[in-house]
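Have a look at the structure below, then the notes.
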Amino acid sequence: MELMLDIGGTMPLPMAGKFLAGIEPCNMLFVEEPVNGDTPRDLETLRTAFPSIAIASGERITTRWGFREYLERGALDIIQPDISHCGGISEMIKIANMAEVHNVRVAPHGPYGPVNKAAGVHAAAVMPNFLILEHCRMPPWYDAVQTQGLTIRDGHAELPTVPGLGVELDWDALDDHPYDRKLPLDSYTRGDGSEALV
């Protein structure tokens, strides 16, 4: 079984280099965001220094233009567009096509529920460079908000054969749990006006 590790972009470059050197013998499937995902130069530096470790990033990149520099620099082995952020199925497939030209694989990010997951499965089905699809099933909500969903068997999603995405939401269950903003929206804004990485 191959493992992946999500560092979440929390390490500065020197620390990330030491960390990757330490886990190099572990033969990971990939390491996600060993440094901030907004730093293609640092990702490229790590990828060059550790060619035996696949480097992945991209869950916060929102368009094919955003992925362009990462692909042209050779900064990543694996990109992770999120279908909810990058513009939907059509845009994700365009991003995957760009990545294929650069011999980069795609491991879509997607922990946002059944609709996100179903859309990701449909997109992945037509990607020749597809690697793995993130699956986060937070019980009991994941199943409670749908009356029909994907079949996941032995770690694989079956491609739906019904019309649409193959998901039917339970609107009554969703109505029972309306959105409740826990924090004011400005809580992620620092005193200098910059936005915190979340």
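The values are calculated or read from the model by the stated rules, or taken from the named source; none is laboratory data. Just so it is clear, the model here is predicted, and its values are computed rather than measured. Cβ coordinates were reconstructed from backbone atoms using ideal geometry, including for glycine residues, and neighbour counts include every protein chain displayed.
The residues of the range 91-117 that are at positive phi and of a type outside the set (G, A, S) amount to a single one, N103. The set of residues from the range 78-87 being surrounded by 22 or more Cβ atoms within 10 Å (Cβ to Cβ) and assigned to a loop (DSSP other than H, G, I, E, B) comprises Q80, P81, I83, C86. Considering only the range 126-140, I want to know if a residue exists there that is aliphatic (A, V, I, L, M), exposed (fewer than 13 other Cβ atoms within 10 Å of the Cβ), within 30 Å of V101 (Cβ to Cβ) and at pLDDT 85 or above. Within the range 126-140, one or more residues are aliphatic (A, V, I, L, M), exposed (fewer than 13 other Cβ atoms within 10 Å of the Cβ), within 30 Å of V101 (Cβ to Cβ) and at pLDDT 85 or above. What do you reckon, is L197 modelled with pLDDT of 70 or more and surrounded by 10 or more Cβ atoms within 10 Å (Cβ to Cβ)? So L197 does not fit the description; no.
In this structure, is A49 more than 15 Å from I78 (Cα to Cα), in contact with a Pro (Cβ under 6 Å, 6 or more places away or on another chain) and not polar (S, T, N, Q)?
Taking the combined requirement at face value, the residue does not satisfy it.
So which of I61, I79, I53, I95 ends up being among the β-branched types (V, I, T), touching a Phe, Trp or Tyr at 6+ places or on another chain (Cβ under 8 Å) and modelled with pLDDT under 95?
I61 is the lone residue from the list that is among the β-branched types (V, I, T), touching a Phe, Trp or Tyr at 6+ places or on another chain (Cβ under 8 Å) and modelled with pLDDT under 95.
When restricted to residues that are touching a Gly at 6+ places or on another chain (Cβ under 8 Å), among the hydrophobic types (A, V, I, L, M, F, W, C) and farther than 26 Å from L165 by Cα, the range 68-106 contains 1.
Do you know which of the residues in the range 17-66 that are of a type in the set (D, E, K, R) and assigned to a loop (DSSP other than H, G, I, E, B) is nearest to the chain's Cα centre (by Cα)? Here the residue is E59.
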